[in-house]
Each structure stands twice: as C-alpha cells, then as structure tokens.
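Below is one structure, written out as structure tokens, with a few remarks after it.
The values are calculated or read from the model by the stated rules, or taken from the named source; none is laboratory data. Keep in mind it's a predicted model, so treat the numbers as computed, not measured. Virtual Cβ from ideal backbone geometry, glycine too; neighbours counted across all protein chains shown. The accessibility values were calculated without ligands, DNA or RNA, using every heavy atom of the protein model including side chains. Shrake-Rupley method; radii C 1.70, N 1.55, O 1.52, S 1.80 Å.
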Amino acid sequence: MDNFKQRIVYQIWPRSFKDSNDDGIGDLRGIISKLDYIRDLGSDTIWLSPIYATGNKDYGYDIDDYYSINPEYGTMDDFDELLAEIKKRDMELVMDLVANHTSDQHIWFQKALEDPNSPYRDYYIFRKGRTGKNGASLPPNNWLSAFGGSAWQKDETSDEYYLTMFTPNQCDLNWENEKVREGIHDIMRFWLDKGVLGFRMDVINTIAKREGLPPAGKGKKLDFPFEHIVSLPKSHDYIREMHEKVLSHYPHVFTVGEGMVTSIDDLIRYTDPDEKKLNMMFSFDLHLIGCGPLGKFDFRKGYLWSVKEMKEILFNLQLKVQEGGGWIGNFMSNHDQPRQVSRFGDDGPFRRKSAKALALLNMTLRGTPFLYQGEEIGMTNCPFDMEDWRDFEAINDYQVLQDMMHLPKFAAKKIIQKMTRDHARTPVQWSSEKHAGFSTVEPWIKVNPNYTSINVEAELKKENSLIDFYKEIIALRKSSPALVDGYITAVNRPHPYVMAYKRIYNDETLLVVINLSGKNTEISLEEVMTSHWACEIGTYEKRPFEANLPLYPYEALIYRKTQSLDKITK
Ligand code: GLC
Ligand code: CA
C-alpha cells in the first residue's frame with residue numbers, strides 16, 4: 001500500500017500555533033514544545049505552512065528567501081532541531097513550497113527591478129502598459145487579482161508593469177523560463193536533502209499562464225482570468241518535469257498540490273500515478289458550497305446550502321476521482337477556510353457532536369486525511385470587529401465588494417466576517433489562562449473569547465472528549481486497509497440528511513453512517529441487509545445495526561461486516 005495513503009497529516013500555521021519567547025507570535029520552538037501532543041493524537045506527518053524569510057503581507061506565502069527562516073519564527077538551527085525532534089518521534093515533516101510567486105524582496109525580483117536588461121527580468125512577467133484616454137497609462141490587460149483589484153503593479157522606473165495574481169508584493173514567476181524552473185528545483189533539493197519528506201505545493205495549478213496574456217472574460221472590466229491561468233496544459237508539463245528532475249530521485253517523497261478551482265478531471269490528471277506528477281491534490285468543491293461562481297466572497301447564493309448538496313458534492317468527487325484513478329487530500333479546514341464546525345456543523349449546542357461527525361467523515365473518506373491546528377478541540381469562528389482583521393484578503397476585499405459589487409458597507413462587512421481567513425488564524429487555544437496559553441503577551445491577532453471553555457487543557461480532562469475521539473478514529477483508520485485504500489460505494493444516496501457509504505478492501509468491509517444535520521432522523525439501510533454488521537465506533541454510543549436506523553443530531557457510526565447472511569444459509 002502506498003505510504004502517502006497511510007499518513008495522517010496535521011497542518012501547522014506557525015504564526016498562531018504556539019509562542020515560546022513571549023512576543024505574541026508563534027514560532028519553531030513553540031512547535032517543538034507541542035510535538036508529543038501532535039504525535040499522541042495519532043498524526044505521523046506535519047505540514048508546516050511557510051516559515052521562510054517573508055515580507056509578511058501574506059503571512060509567509062510571500063517569500064523573500066527560500067533558504068532562510070523568518071527570524072520571527074527562529075533560526076536554521078531551530079529548524080534543524082525541529083526536524084530532528086520530529087524524526088525522533090517517528091514522524092515526518094512536509095514543507096510548503098510556494099513556487100507560483102516570490103515576494104518583491106526576493107533577490108531575483110530585486111535584480112529584475114534594478115536592471116531591465118538583467119537576465120532576472122525574464123524570471124517574472126513584465127509587460128508594457130496600454131495607453132488609455134488622454135494618454136493615461138493602463139495595465140497590460142484586465143486581469144483581476146485573486147484578492148481583488150488589478151493584478152498588475154507598475155514599476156515607475158521602467159514604466160512597465162509586473163504581474164501579481166495574489167497580494168501586490170507576490171510577483172508571479174515566469175515558468176516558461178528554464179532558469180526559474182531550475183531555481184525552484186534547487187530549492188526543493190535543498191529541503192529534501194535536509195530530510196523533509198516532501199511538499200505541499202501552493203497554487204501549483206496556476207504556474208503556467210496563457211501565451212500572449214489575452215484579456216479575461218469579456219475583456220472590458222477587471223475579470224479573473226480562470227481560463228488563462230488555471231491548469232493550462234503547460235502546468236502539467238512543468239509538474240511532470242519537476243517529478244522527473246527532482247521528486248523521482250527521492251523514493252518516499254510526499255507531494256500534495258493545492259490549486260484554484262481544480263476540476264475533477266484535472267485532479268485526476270495531476271495525481272494518477274501513471275502521469276508521474278503528484279501523490280495527491282486538494283479539492284475545494286466542498287469548501288465553496290453556498291458560494292457563487294467567483295469564489296468565497298461571491299455572495300450571490302447567500303451562502304445557503306443543504307446537507308443534500310454537501311453529500312452530492314462529496315459523492316461526486318469521491319466516486320469520480322476513484323473511477324479515474326486519482327487521489328486527494330481530504331480536509332475540513334485549513335489556514336484559508338473558516339472553522340469546520342462553524343462552516344459545516346454547529347458551533348452552538350452540537351459543537352462537539354458535529355465536530356465528531358466531521359472528523360469521522362474526514363477520516364473515513366477515500367483520500368489522505370489532513371487536520372488543521374485547533375480542529376481537534378472544535379475551535380470555532382471568532383466574533384471579530386473590523387479592527388481585528390489581519391488578513392490582506394479581508395481588508396482589501398471589503399473595499400472591492402463596495403467598489404466593484406456596489407455593496408453598502410454593512411453588507412460588505414457581513415460577507416467578510418463570514419468567510420475571512422482570519423477565523424482560522426486566531427491562536428490555538430491551549431488553556432484557560434490569559435491569551436489562551438498561546439503566549440504571555442497580547443498575540444498578534446485576537447484570541448477567540450471562547451478560549452475559557454474551549455481549550456486543549458480542558459478537552460484533555462473531559463470524558464468522551466473530542467481529542468479522545470480523534471485518537472480513536474485515527475487509530476481505527478491506521479489499522480484498517482479498507483479505510484486507507486478501500487473502494488468506496490454510496491449507500492442510500494438519495495437520503496437528504498445522512499451520508500452513508502461502504503469502504504471495502506479484500507475481506508474487510510466497513511459501513512459508515514453520518515447524520516450531517518442537526519435534526520433527529522432515520523435512514524433505511526435495507527440495501528446492506530445481506531450482511532451482519534457489528535458496531536465499531538459511535539459518537540453517542542455504539543448502537544446495534546437496524547434496517548431502519550434512527551439517528552440523533554450529527555450522530556455518526558461505523559459498522560464492521562462480520563459475516564454474510566448468504567454464507568450462513570449455505
Ligand atoms: C494559497 C495559500 C494562501 C495564499 C495563496 C497565495 O491559496 O493557501 O494562503 O494566500 O496561495 O500564495
Ligand atoms: Ca514568538
């Protein structure tokens with residue numbers, strides 16, 4: 001069985017994980033102090049969001065230098081110690097590789113700016129502007145950046161523009177240039193040679209841009225150039241080349257690609273082992289539920305969705321990826337998404353129950369499970385005031401919603417408040433001490449006021465705690481070939497509230513039943529009556545199998561097939 005399928009990945013967003021030196025900012029030594037905790041959960045792999053030297057406009061995803069550590073987080077010695085401590089615990093480390101862009105402070109970009117004739121100019125995407133009415137200088141095209149506003153910044157000295165698809169200091173690299181690709185390959189080798197297991201690759205499906213950079217959409221107003229940057233054929237070529245030149249030389253390397261709006265067909269083409277590209281990709285279909293076609297701040301559907309839709313999104317993804325021979329990383333939250341209980345469950349009375357249901361879902365779907373810091377204690381979205389927002393995306397899109405979508409302030413605020421990435425970035429709540437035990441001083445971002453009741457220390461003391469449940473479900477996953485690599489089939493797919501499926505591998509068959517709603521309900525399981533089922537895990541209690549199984553709000557169960565009835569009668 002492939003090693004990458006068996007891993008349980010715990011994502012750390014370092015700025016908010018644990019502060020060790022009382023400056024209000026999480027750091028590497030803070031992580032070292034919590035490694036036992038992560039291992040005890042059952043995770044064997046840590047994915048660390050970027051810790052490199054950074055301009056911090058996008059909190060690490062804007063990299064100044066891929067070969068040095070952000071001094072706020074520590075030193076290279078701290079990193080080496082972190083890696084050694086991880087390995088000591090039989091765990092592995094996956095780094096974040098941000099290869100679509102560097103920050104504007106990166107030496108390549110600095111050289112490109114200094115001298116338009118330097119070879120570094122072609123490491124980026126510089127273009128002449130257009131001339132508007134009255135001779136005004138306009139950006140080269142109408143591309144909208146992912147965080148709002150024109151995707152072009154002007155270099156006043158040369159009077160040219162350069163492309164920045166994310167924050168204005170994240171300068172898109174020109175992957176057509178072989179030197180750029182070699183530069184990225186060198187970075188990868190440096191970290192792999194240090195002993196990291198692999199990479200989570202940031203927006204890796206947008207590295208190729210359409211030749212000639214044609215206008216987006218109808219070409220008039222600012223528009224996001226999905227059709228010119230997402231999963232172009234060349235992005236596949238570049239990743240295959242990366243595999244051949246770098247990844248294939250490291251036998252157990254772990255790779256997970258993150259991409260914008262990756263279609264299911266593309267997920268498969270990036271991850272089918274015959275393609276020799278990546279182990280797995282993330283899909284955002286679930287996370288965009290209730291959003292309009294333009295993404296998370298496209299409010300036109302009112303963020304309304306039903307459990308039935310959620311089920312259909314998941315089954316469609318699961319079954320098609322399986323059929324196509326691809327592999328995905330499953331996740332309920334990450335550093336870019338609201339908290340999972342607030343988004344898909346209930347952050348009120350059923351907080352713990354819905355967190356268990358979502359954990360069980362995440363650990364039993366086909367794909368490698370990822371969990372995000374704080375998820376294991378059911379951390380919730382945070383009641384922010386506007387002054388509490390820290391993310392460029394939130395602050396910028398608040399303005400964009402007003403300027404481009406003509407929303408009144410209160411509506412723009414409400415939308416940001418619902419979807420801002422800041423929810424995921426509030427400090428991990430370690431205890432009920434001041435600042436949630438994250439730091440002894442005021443942290444860089446607001447602490448969720450519910451830390452007094454929702455925190456690791458309290459959760460560890462509780463009976464039937466969420467942490468215990470994570471341990472239990474992770475242990476089951478690790479011991480079950482059916483959950484790691486089994487086939488998935490839907491059971492009673494039309495049911496409006498309950499997601500039920502079988503996972504099958506040789507002799508082992510498990511039946512998963514999850515009420516994804518806050519209502520009491522009942523599901524007919526007659527179609528699986530030909531077998532005997534023993535209850536293995538229940539989030540309320542273990543309950544015997546019934547043809548018509550009643551379920552409490554967010555109740556989730558796993559049954560194991562013990563014998564076939566047809567065998568008994570024979
Ligand atoms: C990815 C990251 C996100 C970042 C963006 C640009 O989507 O997950 O945090 O802002 O890429 O690098
Ligand atoms: Ca610190």
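Data for the structure
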| quantity | calculated |
| --- | --- |
| Which listed residue, of 40, 44, 77, 62, is free of Cβ contacts under 8 Å to residues at least 12 places away in the same chain and more than 12 Å from ligand 2 (Cβ to nearest atom) | 77 |
| Answer residue from segment 294-316, given it is basic (Lys, Arg) and buried (at least 21 other Cβ atoms within 10 Å of the Cβ) and is modelled with the lowest pLDDT among those | 296 |
| Cβ-Cβ under 7 Å pairs, at least 6 apart or on other chains, segment 383-406 side over 17 Å from residue 418 (Cβ atoms), far side of a type in the set (Asp, Glu) and part of a loop (DSSP other than H, G, I, E, B) | 392/58 |
| Output for segment 541-553, where each listed residue is under 19 Å from residue 344 (Cβ atoms) and open to solvent by 20 Å² or more (accessible area, probe 1.4 Å) | 552 |
| Set 126, 79, 109: member being in contact with an Asp or Glu (Cβ under 9 Å, 6 or more places away or on another chain) and either at pLDDT below 95 or among the aromatic types (Phe, Trp, Tyr) (or both) | 126 |
| Residue list for segment 130-144, restricted to those being under 29 Å from residue 259 (Cβ atoms) and in contact with a Pro (Cβ under 8 Å, 6 or more places away or on another chain) | 141, 142, 143, 144 |
| Within segment 1-33, tally of residues that are open to solvent by 10 Å² or more (accessible area, probe 1.4 Å) and within 25 Å of residue 328 (Cβ to Cβ) | 7 |
| Scope segment 84-104; condition open to solvent by 10 Å² or more (accessible area, probe 1.4 Å) and either in contact with a Ser or Thr (Cβ under 7 Å, 6 or more places away or on another chain) or part of a helix (DSSP H, G or I) (or both); matching residues | 84, 85, 87, 88, 92 |
| Close pairs (6 angstrom Cβ cut-off, 6 or more residues apart or separate chains): within 16 Å of ligand 2 (Cβ to nearest atom) in segment 434-462, of a type in the set (Asp, Glu) and open to solvent by 20 Å² or more (accessible area, probe 1.4 Å) anywhere | 440/22; 441/22 |
| Test result for residue 111, in a helix (DSSP H, G or I), loosely packed, with under 15 Cβ neighbours inside 10 Å and without any contact (Cβ under 8 Å) to a residue 40 or more places away in the chain | yes |
| Scan of segment 26-55 for residues that are within 19 Å of the chain's Cα centre (by Cα) and away from ligand 1 (no atom under 16 Å from the Cβ), ordered by number | 38, 43, 44, 45, 46 |
| Matching residues, segment 261-293, being modelled with pLDDT under 95 and touching a Leu at 6+ places or on another chain (Cβ under 9 Å) | 261 |
| Neighbours by Cβ (under 6 Å, 6+ apart or cross-chain): first from segment 205-216, within 14 Å of residue 142 (Cβ to Cβ); second part of a loop (DSSP other than H, G, I, E, B) and polar (S, T, N, Q) | 213/141; 215/141; 215/142; 216/142 |
| Count - residues of segment 241-274 that are open to solvent by less than 50 Å² (accessible area, probe 1.4 Å), under 27 Å from residue 176 (Cβ atoms) and not hydroxyl-bearing (Ser, Thr, Tyr) | 15 |
| Candidate set from segment 145-167 (those that are in a strand (DSSP E or B) and open to solvent by less than 30 Å² (accessible area, probe 1.4 Å)); member that is nearest to residue 213 (Cα to Cα) | 163 |
| Residue in segment 56-72 that is buried (at least 23 other Cβ atoms within 10 Å of the Cβ), outside any helix (DSSP H, G or I), at pLDDT 95 or above and more than 16 Å from ligand 1 (Cβ to nearest atom) present | no |
| Residue match in segment 17-25 (condition: away from ligand 1 (no atom under 16 Å from the Cβ), free of Cβ contacts under 8 Å to residues at least 60 places away in the same chain, under 25 Å from residue 186 (Cα atoms) and not hydrophobic (A, V, I, L, M, F, W, C)) | no |
| Segment 338-350 residues that are touching a residue at least 24 places away in the same chain (Cβ under 8 Å), paired with ones that are crowded, with 19+ Cβ neighbours inside 10 Å and among the acidic types (Asp, Glu) (beta carbon under 8 Å, 6 or more apart) | 339/347; 339/375; 340/375; 341/347 |
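To keep it simple, each residue is scored yes or no on (1) part of a loop (DSSP other than H, G, I, E, B); (2) buried (at least 21 other Cβ atoms within 10 Å of the Cβ); (3) away from ligand 2 (no atom under 16 Å from the Cβ).
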{"residue": "338", "(1), (2), (3)": "yes, yes, yes"}
{"residue": "349", "(1), (2), (3)": "yes, no, yes"}
{"residue": "356", "(1), (2), (3)": "no, yes, yes"}
{"residue": "363", "(1), (2), (3)": "no, yes, yes"}
{"residue": "370", "(1), (2), (3)": "no, yes, yes"}
{"residue": "382", "(1), (2), (3)": "yes, yes, yes"}
{"residue": "395", "(1), (2), (3)": "no, no, yes"}
{"residue": "398", "(1), (2), (3)": "no, yes, yes"}
{"residue": "407", "(1), (2), (3)": "yes, no, yes"}
